[in-house]
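Scroll down for the structure; my scribbles are underneath it.
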Amino acid sequence: MAQTVNLDFLEPASAVELSRKTLAQFELESDESLAAYMPSQEVDDIEYAIDLLDATDQVVVANWRAFGGATTSEVWGKGGSARGEFMPLARNYVVDEKQRLRQRADAKNAISREASDFIVRGTQAVAKEINVQRGKALAYGRLELQGSGNLREIVDFGRKPEFTAVAALLFTDPTADPIEIISTYVDMYEIENGFRPTEMLMSSKVKRTIYSHPKVVLTATANPDKVRATNAEVDYLFDQFDLPPIKTISASQYRKDNLETATVEQHYLLPQDSIIFTAGSGDAADPLSSPYGRTFWGPTVSGELPEFGLTSGGLDVPGIVAAVYDNGWPFNREVIIDALAMPVVFKPNYTLTLKVV
């Protein structure tokens with residue numbers, strides 16, 4: 001029997017609505033969400049195109065001319081463009097014959113509840129992977145995709161190599177000068193982008209290292225006997241040197257399949273040993289608000305099936321979808337959460353990562 005959408009246990013439109021609500025809750029409410037840096041946008045497309053800007057794309061000042069002299073044109077737009085595809089991202093769960101027998105006393109309601117739970121869990125899995133790639137984009141200006149079908153792909157958005165740097169002296173070295181080092185990279189950022197970064201993302205570990213560094217403590221407090229500066233003292237010091245404010249990132253971790261070793265590994269969402277200089281975030285609910293990039297969600301093949309009834313149900317076809325599928329005899333139902341998505345960076349040099357510990 002061919003796989004068909006089950007209409008008895010959970011209406012497809014209801015499943016899709018639950019999935020999209022779960023995704024929105026993660027992006028708008030989760031402490032680990034990076035959606036404000038690359039907000040989600042549903043688009044009726046399966047690929048993206050971005051302009052690769054270079055120095056010639058900055059406005060060139062106009063030329064004076066003599067009366068009767070010729071006007072001059074501005075030469076710009078030599079950065080070229082890049083195109084890429086959205087990639088499929090999915091999770092599935094099986095309700096098999098044994099589970100069906102266990103639920104036979106109240107089969108329909110039980111399977112509906114279980115399917116709903118699976119949709120929430122699967123949507124969170126998709127949302128977290130998108131969030132992982134947003135973290136990769138912020139920290140390194142690229143994505144690292146792994147998946148079935150031997151998918152091993154790096155999507156590089158062309159950030160300058162020197163914008164992924166290591167401090168000449170790490171801040172764990174008491175002879176280092178954190179203020180001078182940070183100032184150097186802030187200046188580098190400003191030379192490239194025409195403005196100074198608006199924030200510095202760093203872990204509590206990096207923050208503690210700065211706040212207890214002897215040169216920072218002495219400069220901030222003028223007290224040679226003090227071992228640690230306060231938030232107010234460092235904030236004032238950074239302001240005096242025209243440095244961006246500190247924004248502490250969480251120590252959020254995620255669990256991810258290593259497809260090479262068939263093990264599950266745990267990683268930090270953002271590097272805990274670095275400072276990430278950024279142009280700031282936007283509004284996770286407004287796809288046009290971030291200066292850095294966006295996360296596109298395209299139309300899935302499954303979402304275009306007539307059984308889903310998305311258009312008639314008032315839901316757009318592009319975006320994450322979910323449903324219960326019948327897989328045939330004797331009894332096998334599969335809950336599938338399906339998406340076609342891609343975080344895309346438009347201004348890769350709007351972030352700079354400096355390893356400092």
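Only the coordinates and a few stated rules stand behind these numbers; no lab work does. Since the model is a prediction, treat every value here as computed from it, not as a measurement. Ideal geometry is used to build each Cβ from the backbone, glycine not excepted, and the neighbour counts take in all protein chains shown.
When each of the peptides 287-300, 146-159, 128-141, 178-191 is scored by the mean number of other C-beta atoms lying within 10 Å of its residues, the order from highest to lowest reads 128-141, 287-300, 178-191, 146-159.
Working note: Karplus 6.51/-1.76/1.60 with θ = phi - 60° gives segment 265-275 the couplings 10, 10, 9, 6, 5, 10, x, 8, 10, 9, 9 Hz, where Gly and Pro are set to x. Listed values for segment 290-300 are Karplus-derived 3J(HN,Hα) couplings in whole Hz (6.51 cos²θ - 1.76 cosθ + 1.60, θ = phi - 60°), namely 8, x, 8, x, 9, 10, 8, 10, x, x, 8, and x replaces Gly and Pro.
The H on the amide N of THR198, modeled in the peptide plane, is under 5 Å from the matching H of THR278, ALA279, GLY280, each at least 5 residues off or on a different chain. For GLU85, the residues whose modelled amide H falls within less than 5 Å of its own, excluding neighbours fewer than 5 places apart on the same chain, are TYR48. Quick one: check the C-alpha center-to-center distance for segment 141-218 versus segment 28-42, whole angstrom. About 22 Å separates the Cα centre of segment 141-218 from the one of segment 28-42. A 24 angstrom limit on the alpha carbon distance is what I want to check against. Which of LYS205/LYS355; LYS205/LYS226; LYS207/LYS347; LYS136/LYS215; LYS21/LYS347 exceed it? Flagged as over cut-off: LYS207/LYS347; LYS136/LYS215; LYS21/LYS347. Applying the Kirkwood pairwise sum to the alpha-carbon positions of segment 133-261 produces a hydrodynamic radius of 17.1 angstrom. Calculate the spin-label point distance for LYS21 paired with GLU260, positioning each point 7 Å from the Cα along the beta-carbon direction, and give it in nanometres. The two pseudo-label positions are separated by 4.2 nm. For TYR37, the residues 5 or more places off, or on other chains, whose built amide H falls under 5 Å of its own are GLY282. Relative to the compact-globule estimate of 2.2 N^0.38 Å, the Cα radius of gyration of segment 226-356 comes out at 1.59.
Other residues within the sphere of radius under 11 Å centred on the Cβ of VAL357, judged by their own Cβ, net out at +2 (K and R +1, D and E -1).
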